[in-house]
Amino acid sequence: MYPLLANENLKIYSRVRTWVLAALVLVAIGLTGWVLAAHPSPVSANWKASLQTTDASLKKEIAEDGAHMPRDVLEQLKSQIAVNQYYIAHNLEPGRETGWAFARTAENIVSVSTVFILVIAGDIVASEFAGGTIKMLLTQPVSRTRILFAKYGAALLFGLFLLAFTLAISLLIGGVLFGFHGANAPVIYVNDHATLERIPSFLYLLVQYGFDLVTMVMTVTIAFMISTIFRSSAIAITISVLVVFVGNTLVAALSRYHFVKYILFTNMNLSQYMQNGPIVKGMTLEFSVFMLVAYFVVLNFLSWLFFVKRDVAV
Amino acid sequence: MSITTADQEQQTPVSTSPIAVQIRHLTKVMGRKTIVDQLSLDIPRGEVFGFLGPNGAGKTTTIRMMVGLTSPTKGEVLIAGIDVSTHFAEAMLHVGAIVENPEMYKYLTGYQNLRHFARMSPGVTNERIDQVVRLVGLEQRIQEKVRTYSLGMRQRLGLAQALLRKPDVLILDEPTNGLDPAGIRELRDHLRTLAREEGLAVVVSSHLLSEMELMCDRVAIIQAGKLVDVRALGDRAGVDEQSETSPWTVFEVNDVPAAVRVLVAHFPDCKAKPGGAADGFVEATLARSDIPQAVAHLTAEHVAIFGIRSVTRSLEETFLELTGGGPIVSSPRQ
């Protein structure tokens, strides 16, 4: 198995494109750091008073428009008020930028990394068809199943690499710009039972990346399946990106309907069980994990079926 | 690595049969169209074998079924006695192939490409890679990106790839596509050497008659998915007796209708007919031993004979005759 994986890695990392994508992640994080360093949030002596003012205006907004707001927006506003109250009560000054706090902010860049992972995973089978190399690849003394497995493994490894790269670069840039301290500084958030939780920054970051890892595996699986079925890089990449982004948006918009909980995208982000509560009321972590495993099996089976059983007509 | 090699060799039954490829009742149906229809053939080691047929006759589909890219609807392909459909990986250990254009990874160097494919075959050492590079004459450019290669060089690289695991059968689909005359000549010499000296069975396909005539020992003529004829070519390897079409004898005479009448009367199977480049010629398929008698009969019937010669039909004539004349035959119903 290892030689096949080595081949797929060779094909991913020999292409300039792969490194351009990694460089773009670097640039995105660098820009975020530069903006935050250039415009630090004002540290005022009476930060408690300004938090009180913010809370008051948020409460007013809820009172006036609360009835018309989507549920998740409302929840978010309420959480913010609760977190602000906690800061005031415990005399913790928010907004002080540290390397670890920056890494938490830069964690949002993971959605950019995910698009790039989609590009590689969506291309890994399709490009062999587009370039005609599939005919050479599939006339070697290796079964199609093993070749497909190696490609899937290589796509997952790239996803792992880019996530690790995003984390490492955000810590590095954050550390250089704001100092490497703050690993144990508390992060305060509202958990799914609407109570406040307090955990160290480094742990919070690791848990977030853990959730990102699950999302990444599912994203790679979707893109890989589309790549295998459509056999065209452009179509595979476009459809994968569309499916993932439209999917997420659609789920957010339709969250009041019960059937939405059976959609993959509703279950893909497990952080909902740590923070803010599930997208659809009544969903549990066990349910989501079950759905993810079911989708994982079905999507991979479809990839395998299309790759192994279909005639190559390039 | 050595462990895998040993395992692989144990799994692979070593065939002692001189037949490298056996095709049995091979059939491919796509939708309502039969692309390949009940094809049966044996291809021995040491022979350059050609599939010849007009575009769309089913040559490429046949070759794709031989290398497992397409699955047969019915029938089987055995390579060194191993069924391609059921034991794909084992069968492919004995096959090196280029299907249509030699597409390699353009962003890798020639050497990286060969390393890539070498890793997929058990027991291909770096020495073997160097050896095939020398064999196809790519030493100078092997460390450059394939993007910079000409078509001829890609063809050579493709051939190197196909030879890496010392196959028993080399399968090349339309190998001369896009090659210049010098390239074609070079490829031809390569293939003949491989068949003669290394005992490979070389299978090529083409729609170009002249090329096949120069390259192949035997040719299967395929039309509309059916095997029309298998013919040994020229005086190569003394296999001419196997040829199913007899050579023609051409008589130059003073009275063509009379000569035809006389020949048909005495030799009912001879297919005598007016022919040749100009008037005054009669063609007939006669066994060599029948020629003196035919001359005697013609003379007795007062037909004056000015000349007699024996003509082997060129492949082109046979091909046109067998496939009904049209150089491009579209399938009957579309």
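The values are calculated or read from the model by the stated rules, or taken from the named source; none is laboratory data. Keep in mind that what you see is a predicted model, and the values were worked out from it rather than measured. Counting neighbours? That spans all protein chains shown, and the Cβs are built from the backbone with ideal geometry, glycine included. Ligands, DNA and RNA are stripped out before the accessible areas are found, and what is left, the full protein with its side chains, is counted by its heavy atoms. Shrake-Rupley method; radii C 1.70, N 1.55, O 1.52, S 1.80 Å.
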Original post:
Which of (1) surrounded by fewer than 14 Cβ atoms within 10 Å (Cβ to Cβ); (2) at negative phi; (3) not in a helix (DSSP H, G or I) does A:LYS60 not meet, given it meets every other one?
Top reply: (3)
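For the condition in a helix (DSSP H, G or I) and either surrounded by fewer than 16 Cβ atoms within 10 Å (Cβ to Cβ) or more than 12 Å from chain A (Cβ to nearest Cβ) (or both), what is the one hit in B:GLN131, B:GLN140? Talk me through it step by step, then tell me what you get.
On the way: B:GLN140 fails: in a helix (DSSP H, G or I).
Exactly one of B:GLN131, B:GLN140 is in a helix (DSSP H, G or I) and either surrounded by fewer than 16 Cβ atoms within 10 Å (Cβ to Cβ) or more than 12 Å from chain A (Cβ to nearest Cβ) (or both), namely B:GLN131.
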Original post:
List the pairs whose first member sits in segment A:117-134 and is assigned to a helix (DSSP H, G or I), whose second member is of a type in the set (Asp, Glu), and whose Cβ atoms are under 7 Å apart, counting only residues at least 6 apart or on separate chains?
Top reply: A:GLY131/B:GLU103; A:ILE134/A:GLU128
**OP:** For segment A:76-86, state whether one or more residues are open to solvent by less than 10 Å² (accessible area, probe 1.4 Å), outside any loop (DSSP other than H, G, I, E, B), more than 14 Å from chain B (Cβ to nearest Cβ) and small (Gly, Ala, Ser).
**Re:** no
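Those residues that are open to solvent by 20 Å² or more (accessible area, probe 1.4 Å) and in contact (Cβ under 8 Å) with a residue 24 or more places away in the chain, I need them from segment A:210-226; list them, please. Show your work before the answer.
Applying the first criterion (open to solvent by 20 Å² or more (accessible area, probe 1.4 Å)) to segment A:210-226 yields A:210-215, A:217, A:225.
The answer is A:PHE211, A:ASP212, A:LEU213, A:VAL214, A:THR215, A:VAL217, A:MET225.
Output the number of residues of segment A:6-35 satisfying the condition of being of a type outside the set (Gly, Ala, Ser), open to solvent by less than 50 Å² (accessible area, probe 1.4 Å) and more than 10 Å from chain B (Cβ to nearest Cβ).
Taking segment A:6-35 and keeping what is of a type outside the set (Gly, Ala, Ser), we get A:7-13, A:15-21, A:24-27, A:29, A:31-32, A:34-35.
From what's left, open to solvent by less than 50 Å² (accessible area, probe 1.4 Å): A:7-12, A:18, A:21, A:25, A:29, A:32.
Those still in the list that are more than 10 Å from chain B (Cβ to nearest Cβ) too: A:9, A:12, A:18, A:21, A:25, A:29, A:32.
Summing the residues that are of a type outside the set (Gly, Ala, Ser), open to solvent by less than 50 Å² (accessible area, probe 1.4 Å) and more than 10 Å from chain B (Cβ to nearest Cβ) in segment A:6-35 gives 7.
Considering B:ASP42, B:ASP37, which residue is part of a strand (DSSP E or B), more than 14 Å from chain A (Cβ to nearest Cβ), at pLDDT below 95 and under 26 Å from A:VAL142 (Cα atoms)?
Working: B:ASP37 fails: under 26 Å from A:VAL142 (Cα atoms).
Answer to the check: B:ASP42.
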Original post:
How many residues are closer than 17 Å to A:LEU118 by Cα and outside any helix (DSSP H, G or I) when one looks only at segment A:7-29?
Top reply: 1
Original post:
Looking at A:ILE199, A:ILE188, A:ILE169, which is the one that is modelled with pLDDT of 95 or more and either β-branched (Val, Ile, Thr) or more than 26 Å from A:GLN85 (Cα to Cα) (or both)?
Top reply: A:ILE169
Original post:
How many residues does segment B:74-128 hold that are more than 24 Å from the chain's Cα centre (by Cα), more than 11 Å from chain A (Cβ to nearest Cβ) and either farther than 28 Å from A:VAL16 by Cβ or surrounded by fewer than 22 Cβ atoms within 10 Å (Cβ to Cβ) (or both)?
Top reply: 6
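Being away from chain B (no Cβ under 14 Å) and under 15 Å from the mean Cα position of the chain (by Cα): is that true of A:VAL119 here? Write out each step before concluding.
On the way: away from chain B (no Cβ under 14 Å): yes; under 15 Å from the mean Cα position of the chain (by Cα): yes.
Yes; evaluated as a whole, the condition is true for this residue.
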Original post:
Say we look at segment A:182-207 and pick out the residues that are open to solvent by less than 20 Å² (accessible area, probe 1.4 Å) and in a helix (DSSP H, G or I); which of these is nearest to A:ARG310 (Cα to Cα)?
Top reply: A:LEU205
